[in-house]
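Right, one structure below, let's go through it.
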Amino acid sequence: MIILYKGNYSQCSKCCISRKLGPRSKTKMDLYTLLLCISLLFIFLRRSSARSLPPGPINLPIIGSLHRLGSHPNQSLFELAKIYGPLMTLRLGFVTTVIASSAETAKQILQTHEQTFSDRTVPDVVASQPNPESTLAWALGDSRWRNRRRLCNTQLFTVQRLNSLQHLRHQKVEQLIEHINKQGVSVSQVNIGQVAFATALNLISTTIFSKDIADPDFSTAQEFKDLVWRIMEDSAKPNLSDYFPMLKRFDLQGLRKHIRPSYMRLHEIFDELIDKRMEARASGSSTRSGDLLDVLLDQCEENASYFSRQNIKPLILDLFIAGSDTSAITTEWAMAELLRKPEALQKTRRELIEVIGSERAVTESDVDQLPYLQAVVKETMRLHPAAPLLLPYKAKNDVKICGYTVPKNAQVLVNAWAIGRDPKFWSDPFLFCPERFLDSGLDYRGRDFEFIPFGTGRRICPGLPLAVRMVLSSLLSVYTLRQHPQQSNQKMELYIILLCISIVFLLFKPLFHRSKTLNLPPGPTGLPIIGSIHRLGAHPNQSLSELAEIHGPIMSLRLGSVTVVVLSSPDMAKKILQTHAQSFSDRPIPDAIASMPNLEASLVWGPSDDNRWRKLRGMCSTQLFSAQKLNSLQHLRYQKVEQLIEHIRKHCLSGSQVNIGQVVFATTLNLIFSTMFSMDIVDPEFSTAEEFKELVWKIVESAGKPNLSDYFPVLKRFDLQGLRKNARLPYDRMHEIFDEMIGKRMEARASDPATRNGDFLDVLLDQWEENGSVINRETIKPLIQNLFIAGSETSATTTEWAMAELLRNPEVMQKAREELMNVIGSERTVKESDMDELPYLQAVVKETLRLHPAAPLLLPYKARNDVEICGYTIPKGTHALVNIWAINRDPKYWDHPLTFCPDRFIGSKIDYKDGSYEFIPFGAGRRLCLGLPLATRMVHLMLASMILSFDWKLPQGINPQELDMQEKFGMTLKKAVPLYAIPVMR
């Protein structure tokens, strides 16, 4: 119950305050509850005398028109102005407020009657800071204020001063880029507002102190950053004390109490920085930095009568609070509008390239020659002014405007948001259109009242020159983001990075060099910077196949700064892989793979012109993958396949479904490991992910992701997406495991020279002893790693696709099973020696490799010199991709190319080993897959054993013809949806 006293005001106030209001809440409902209570409390107060105020809505008792403001006062006032006109009055609590919503009325207030409105209405939380009378933003417009403002205009924010400090701002932008490099388009999203805010803090702190004051890593909330955020947050909250001035002493919402410690702590930090600078200046041990702090201290010495140390701190605080927030907001809005309107971003990039070129970085001095970039910033400020109602003005006396009386002490708001969207001055006012500022005399420096995002007159933002430079710097540096926090699509993430990064590249070094005009093969027109990356999509093999239908079987694309030639026919593939094999014998190395230790010893990626590489390859062909060696180790592979069958048999007993891809991947790892080390490394029950299996998966995953460093080689050192870093740890750990295996084997051989398992490791160690100049312990590990990474993924993927096609085509499954029963029967297991008598099974595997090649574009080749092919010039350094996926589906060479039909290989001489270029799933020439003999044995053995041992059916409810056969492009062409099947005992 609330009791109203007719006695003195203080008694009534105490009664009201002593009642149980409950916990203070930040919600709008709690604020309205307080307002209603105040309405009852002050109902007895007299109404103000009637005056000829501008028109406005009818006010409620006590609260006036507070309820009309809503959560977006700028928009609410804009709508009210449509009813009551460009100059209107509202009573907000006990405060008479006049709102100007047109250029003409704004001019009356800010120019015609500038002297009358030179003071500010100071919010209660702002008034709680130390020495508020020394601030530039809020202080009275007296002589001291004018002197300080003049100092800012002539000493702090001159072109000369800002130019002298621009190198510091460039450093901060570079630090920001390094930070985002560490984060990586990790693959983690970037909050543009947060990054822009932190950058703005650093830009301001370096301009003032020549040093950072915000944590450049942004990983933890540094104290200073927290303080600035807290002040801005508290300052933005609706405060009853501002609407009911007599309540200020009570601080009902506790905002003044909450914000005061933040102000005090910031002043302490400034004191510490000032003390250090003064000590350095006094000792003479440090030269002048020439930053704003030096200028301010110089003024303290020269003009102590009106400028002291106590005046410096509020001035610095103004710069941080106002400058960081407004610059960050404008940058975030600009990036949002550019992402929303890609054509505007495209024009901005084009202008940068035309003006700056590709030979140097952008500097602040270039901005005058970048009218479209300036127009983007202006249009952002028009649509999204950081201070939509500017800062509030206060009438020093009664004044007549447009026939109405604006009374003394009235609060005056200029709705710059409404003026910026007034259709009287702007065509299509709600449309983001930077072109409206091209060839326009409109500017934000306060001369044009239809565009005043920084205010105008004597109260125009003094830091405007610095603010604009910071916005441009931030706009050119913020780039790694996703548009929506719930969006996980990798393609969208990469495209957003590419769109934004196009600008930021220009801050550093050239991304690409304009080469002399070459007679390249035809191809699609590329966009500036990104070229044709956007055309690749989620399925590059399919996209390139469609482009080849337009541009021909040999075409060129620019992917980022890399020239790529794509071959999509057997004839063109033969040109690259046979006719000009020497010229295309090298490989461009993906950046994630470049992190592999001893990369030069890799048979897959090592340089083919290296004599040691050729000897290693010859040794592997004759010693590791010969028929004799593989036959000698086949008993080990039989054991692993028997374990696979036993594992599936357990699923039969339980009636549960089997993840085909998972079990064959684990089995493949065991097959390779037993062939290499005569032992298992993966749990045969597949119930837990063993460390080694996880390492292989991590490497495969990192290598399969699109990487900006591969499209923009100049970015490799930054590792923007963190893929090289992510792959390095698994590579190193895998080498440690190999080291342990090698160490144990060498100890066993040393203790008993007769100990020989005859596996691949023994062969490699024997070769080390015999040919130490060719192979050693450090070259053995990359060889082993190649087998695991390439062999396990490709073999498992092919087996899963084969099972999917068989389940989708039951008649083919039946024919394959009948052949197995006829040749092997049900009394014994499948042997590798049976394969020559199983032509239909071989045809099934071939048809699977045709439709679903594990490497649909093979591995990339690289031109070692300029090469002429079909009248076109392939320049040195060009990457070459052979789209075997497209070749395998070309109706010129295959009847019904999209149909799974193993019978096409029955009686056909086409094979993946005889150089038939219409069917090269393992490549061709000197770069032909070295492990092909082992891979084909593993796939045939696993597939035949699963078909012979079990009947298979799809999970309930799945029609064979409706089985999802979508592809997922990566390091290999995997099945997008894992294949689950139910085994049935035969």
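The values are calculated or read from the model by the stated rules, or taken from the named source; none is laboratory data. This one's a predicted model, so the numbers in the text were calculated from it and none came from an experiment. Heads up, the Cβs are rebuilt from the backbone with ideal geometry, glycines too, and the neighbour counts pull from every protein chain shown.
Structure notes:
- The set of residues in region 235-255 being surrounded by 21 or more Cβ atoms within 10 Å (Cβ to Cβ) and in contact with a Ser or Thr (Cβ under 9 Å, 6 or more places away or on another chain) consists of 242, 247, 253, 255.
- Residue ID - nearest to residue 746 (Cα to Cα), chosen from residues in region 764-775 that are buried (at least 18 other Cβ atoms within 10 Å of the Cβ) and of a type in the set (A, V, I, L, M, F, W, C): 765
- Qualifying residue in region 590-605 (condition: assigned by TED's automatic domain parsing to the domain that holds residue 788, without any contact (Cβ under 8 Å) to a residue 40 or more places away in the chain and not aromatic (Phe, Trp, Tyr)): yes
- Residues of region 750-769 that turn out to be under 19 Å from residue 673 (Cα atoms) and of a type outside the set (Val, Ile, Thr), as a count: 10
- Residue check for residue 811: farther than 21 Å from residue 910 by Cβ, out of contact with any Ser or Thr (no Cβ under 9 Å at 6 or more places or on another chain), modelled with pLDDT of 95 or more and of a type outside the set (Lys, Arg): yes
- Selection of region 739-777 for residues being basic (Lys, Arg) and free of Cβ contacts under 8 Å to residues at least 12 places away in the same chain yields 744, 756.
- Residue tally, condition under 22 Å from residue 876 (Cβ atoms) and of a type in the set (Ser, Thr, Tyr), over region 516-553: 2
- The lone exception for residue 304 - which of (1) part of a helix (DSSP H, G or I); (2) among the hydrophobic types (A, V, I, L, M, F, W, C); (3) surrounded by fewer than 14 Cβ atoms within 10 Å (Cβ to Cβ) it fails: (1)
- Restricting region 544-588 to residues that are hydroxyl-bearing (Ser, Thr, Tyr) and under 33 Å from the mean Cα position of the chain (by Cα), the residue that is modelled with the lowest pLDDT: 561
- Options 443, 439, 448: the member that is of a type outside the set (Phe, Trp, Tyr), closer than 28 Å to residue 206 by Cβ, surrounded by fewer than 18 Cβ atoms within 10 Å (Cβ to Cβ) and at pLDDT below 95: 443
- Residue 779 vs. criteria among the hydroxyl-bearing types (Ser, Thr, Tyr), closer than 14 Å to residue 616 by Cα and in a helix (DSSP H, G or I): yes
- Scanning region 892-912 for residues that are surrounded by 18 or more Cβ atoms within 10 Å (Cβ to Cβ) and not in a loop (DSSP other than H, G, I, E, B) yields 902, 904, 905.
- Exclusive hit being part of a loop (DSSP other than H, G, I, E, B), at pLDDT 95 or above and either of a type in the set (Lys, Arg) or not assigned by TED's automatic domain parsing to the domain that holds residue 251 (or both), set 7, 70, 56, 22: 56
- Condition check for residue 120: among the charged types (D, E, K, R) and assigned by TED's automatic domain parsing to the domain that holds residue 310: no
- Only residues that are farther than 21 Å from residue 599 by Cβ and either among the charged types (D, E, K, R) or modelled with pLDDT of 85 or more (or both) were counted in region 712-757, giving 12.
- Every listed requirement among (1) modelled with pLDDT under 95; (2) surrounded by 16 or more Cβ atoms within 10 Å (Cβ to Cβ); (3) not in a helix (DSSP H, G or I) is met by residue 936 save one, (3).
- Given (1) modelled with pLDDT of 90 or more; (2) part of a loop (DSSP other than H, G, I, E, B), number of the condition residue 948 does not satisfy: (2)
- Count of region 120-156 residues which are aromatic (Phe, Trp, Tyr) and either modelled with pLDDT under 70 or part of a loop (DSSP other than H, G, I, E, B) (or both): 1
- Test: residue in region 95-102 that is among the hydrophobic types (A, V, I, L, M, F, W, C), in contact with a Lys or Arg (Cβ under 7 Å, 6 or more places away or on another chain) and touching a residue at least 40 places away in the same chain (Cβ under 8 Å): no
- Those residues of region 574-609 which are within 18 Å of residue 709 (Cα to Cα) and among the aliphatic types (A, V, I, L, M), in sequence order: 589, 592, 593, 594, 596, 599
- Residue tally, condition surrounded by 21 or more Cβ atoms within 10 Å (Cβ to Cβ) and over 10 Å from residue 774 (Cα atoms), over region 606-617: 1
- Exactly one residue among 242, 271 is among the charged types (D, E, K, R), in a helix (DSSP H, G or I) and touching a strand residue (DSSP E or B) at 6+ places or on another chain (Cβ under 9 Å), and that residue is 242.
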